[in-house]
Amino acid sequence: MMIACGALIASSWAQARRATQEGGIHPMQTLTDIRTVAPALEKYAQGPVAELWKRPGLSLRDRSIVTLAALVARNHTVEMPYYMNLALDNGVKPREISEIITHLAFYSGWANAVSAGAVAKDVFSQRKIGGDQLPPASPAPLPLDKDAEAKRAAGVQQNFGNVAPGLVQYTTDVLFRDLWLRADLAPRDRSLVTVSALIASGQVAQITYHLNRAMDNGLTQEQAGEVVTHLASYAGWPNAFSALPVLKDVFEKRGH
Amino acid sequence: MMIACGALIASSWAQARRATQEGGIHPMQTLTDIRTVAPALEKYAQGPVAELWKRPGLSLRDRSIVTLAALVARNHTVEMPYYMNLALDNGVKPREISEIITHLAFYSGWANAVSAGAVAKDVFSQRKIGGDQLPPASPAPLPLDKDAEAKRAAGVQQNFGNVAPGLVQYTTDVLFRDLWLRADLAPRDRSLVTVSALIASGQVAQITYHLNRAMDNGLTQEQAGEVVTHLASYAGWPNAFSALPVLKDVFEKRGH
Amino acid sequence: MMIACGALIASSWAQARRATQEGGIHPMQTLTDIRTVAPALEKYAQGPVAELWKRPGLSLRDRSIVTLAALVARNHTVEMPYYMNLALDNGVKPREISEIITHLAFYSGWANAVSAGAVAKDVFSQRKIGGDQLPPASPAPLPLDKDAEAKRAAGVQQNFGNVAPGLVQYTTDVLFRDLWLRADLAPRDRSLVTVSALIASGQVAQITYHLNRAMDNGLTQEQAGEVVTHLASYAGWPNAFSALPVLKDVFEKRGH
């Protein structure tokens, strides 16, 4: 599927204008809008950023998930309508978008999910996506890897059980024995969302655990490298470069 | 005091829709809104997040201060009206909210305070809170602990006096000999605001000093653990987990 | 050039109200607005924050560039219209503002640039700044320091060539052999933008390289110290203090 990058930046721009002005949206004017401020931005959008989406190391569906996770984690509602629609076009299911938002309520903060939910409501409504396409509030859980989870829980308990016992308990009960077992987003994709959000919001200290988990869940080294390449454009070069030493260290320790 | 969590998420959602759309607010539709995107979010809001507010380790008033500090630090204006009203309901005084905003102008950045101030103006206006309930611009200062402050100032001067002499001077004159001595927010609460904002915005390197200061000002270890437990939901799990090693280290060094 | 600080905070407040309300702007009411919430904020705005702009260590033009970079990096659109106009008043050229936005698309993330672009469109329109004052999409590049660039590229390739080969290639092709050679923002100013954005968004791990580059490009130690002093107010004390040890280390290693 081709990325219509002129439309991409145009749509974002229109949303941005809507967010900063009271005025209406005039989609036909947006390409002109860009040229009136930063002609180079249009050039880069149609060149390297558009090419990013055509690189072979990561599918269009994955790139859409990565981008959406970054936008939610950074609370960039301005670009969300365009990329949520693009995600649906690229094969991400409505129930998966619902799960991404729910997941990031915990991994990015509640308000980020609320803001993303307001965007999703409009996008779903415009595309006539009804409740039958959403995940249930409490689906039958995926099977739990009891040994791995017991080991994780014991490690956290030993480290922080006396520091914040409530947080340790919530992490087990709500996150790893509930949220992560929700069936409507595959564990590998849930990990992809988590790692993308961590990189995009500069949460360097939390990448090691979740990148290992992502690779245990099936993310390849090549894909992880492409995730950070992709995020450089959407979350800024500094976040990407701060993640690189962690990726390097995880890759080396896994000894591929 | 009970937390009406349906109202909570509903109100936030309405604000989010107002911020991302031109359309009006239809409060009666908001619970329906949530269900049209992420039924699980409603479940978590009414379950673990609502229960958080009932945990014994931290008062409702403290939880309101922690939440408000996190929202201002993260510039999440969408959820501010609801939580500012909740803070007032939970016993936080208007003059304390005014001081929280003023304090975070320095600890989160000026624009964060300006955005929060615009929300507070509306909330205060709706509740008929007048100027007589606000702190004066220049109140009589609290007494200064001259020895502790001289020690702090000397340490910073020695470390950074040649690096950024202006910043060192401002820190002493504007922050520790002015802002921190403002009487309308108790030092313990001012510390609670500071620590909450630092954790919520991922400012890990600055937590050690301010957590020690908070505990010197009366925050207990149990309360500090509950602050990070509370913030996991409002500022995301990664920020909470990145703070845990600092809490652990501070607790151990203080010999609890 | 004097800073009309009452107007400053008033204008920001008006923008904030516009962003959080549907209602119109009533500029004459804004000073009153501030007093209705936080009288101390007005005092600090007219005192230490206004004085910041009069300090001798950094020109008004530089302070405008630093402030604008911080606002774009933090996505604080609320304060952008005022500070973009102030930057133009202080001698920053429209083509330089265009380049700052384009540059920060890469150093802060694409959505930040899109949001800033929407603000710039309005400001440029109000000031009748036309396309003849903008930089071309593809200007003749500045001369490349081939030895320094080869050394940089080799270091990154050796460190991360196997981790994220795509990112390493983009960094060379799009950033250091294209973006950084765009002629309409002087390399020293481009470095000033980069360092300011890194400090303002807490990207501590990336400051060392770019502060050294900035000083190679002509930024003095005194100016760098003033940048962090300035940013304490606009990006919060914690970001400033987390940058200080990096500044100290870079200054010492350069042998000042």
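The values are calculated or read from the model by the stated rules, or taken from the named source; none is laboratory data. Remember, it's a predicted structure, so these values are computed and weren't measured experimentally. A quick note on method: Cβ atoms are made from the backbone with ideal geometry, for glycine too, and the neighbour counts reach across all protein chains shown. Surface areas here come from the heavy atoms of the whole protein model, side chains and all, with no ligands, DNA or RNA. Shrake-Rupley method; radii C 1.70, N 1.55, O 1.52, S 1.80 Å.
Tabulated values for the structure
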item: Nm distances between copies for C:ARG35, ranked from closest, using label points 7 Å along Cα→Cβ; result: 5.0, 5.0
item: Region A:95-136 - accessible surface per residue (Å², probe 1.4 Å); result: 27
item: Links that overshoot a 30 Å alpha carbon limit, given the list B:LYS43/B:LYS128; B:LYS128/C:LYS43; A:LYS93/A:LYS151; A:LYS93/B:LYS121; result: B:LYS43/B:LYS128; A:LYS93/A:LYS151; A:LYS93/B:LYS121
item: Axis proximity, chain A to C: residue whose C-beta lies nearest, plus whole-Å distance; result: A:GLY202, 4
item: Mean separation of Cα contacts under 8 Å (6+ apart) over length of chain B, as relative contact order %; result: 20
item: Whole-percent carbon and sulfur share, accessible surface of region B:73-154, 1.4 Å; result: 51
item: Label 7 Å beyond Cα on the Cβ vector: B:SER59 copy-to-copy distances, nm; result: 5.4, 5.4
item: Contact order relative to length of region C:112-193, as percent, for alpha carbon pairs under 8 angstrom and 6 or more apart; result: 35
item: A:ASP216-C:GLU252 pseudo-label distance in nm [points 7 Å out on the Cα-to-Cβ vector]; result: 4.0
item: Three-way shape label, chain B, alpha-carbon gyration tensor, a/c 1.5; result: prolate
item: Check: the protein assembly as shown dipole with +1 on Lys, Arg Cβ and -1 on Asp, Glu Cβ, in debye; result: 100
item: For the protein assembly as shown: rounded, prolate or oblate by the Cα gyration tensor [a/c cutoff 1.5]; result: rounded
item: Shortest-first distances to equivalent copies, position B:LYS253, nm, label 7 Å out along Cβ; result: 2.5, 2.5
item: Structure-based [θ]222 nm, the protein assembly as shown - -39500 (n - 2.57) summed over DSSP H runs of at least 4, per residue, nearest 500; result: -19500 deg cm²/dmol
item: Shape call, region A:40-97: gyration tensor on alpha carbons, a/c limit 1.5; result: oblate
item: Positive-end residue, region A:49-171 charge dipole about Cα centroid, Cβ charges, pick of A:VAL78, A:VAL119, A:PRO56; result: A:PRO56
item: Between region C:150-173 and region B:209-223, the Cα center-to-center distance that results, in Å; result: 45
item: Net charge of neighbours whose Cβ lies under 9 Å from the Cβ of C:LEU134, counting Lys and Arg as +1 and Asp and Glu as -1; result: 0
item: Most to least packed among B:191-202, B:116-127, B:144-155 [average Cβ atoms within 10 Å]; result: B:191-202, B:116-127, B:144-155
item: Within region C:204-225, backbone nitrogen closer than 20 Å to the virtual label 7 Å beyond the Cα of C:ALA148 toward Cβ; result: C:206-225
item: Minimum 40 Å² accessible area buried by the other protein chains, region B:222-236 residues, probe 1.4 Å, relative to alone; result: B:THR229, B:SER233
item: Proximal aspartates and glutamates relative to A:LYS253, as straight alpha-carbon distance under 16 Å, when same-chain residues fewer than 8 apart are discounted; result: A:ASP216, A:GLU222
item: Summed buried accessible surface, chains C and B, 1.4 Å probe, nearest 100 Å²; result: 4200
item: Separation between Cα centres of region A:62-113 and region B:182-205, rounded to whole Å; result: 31
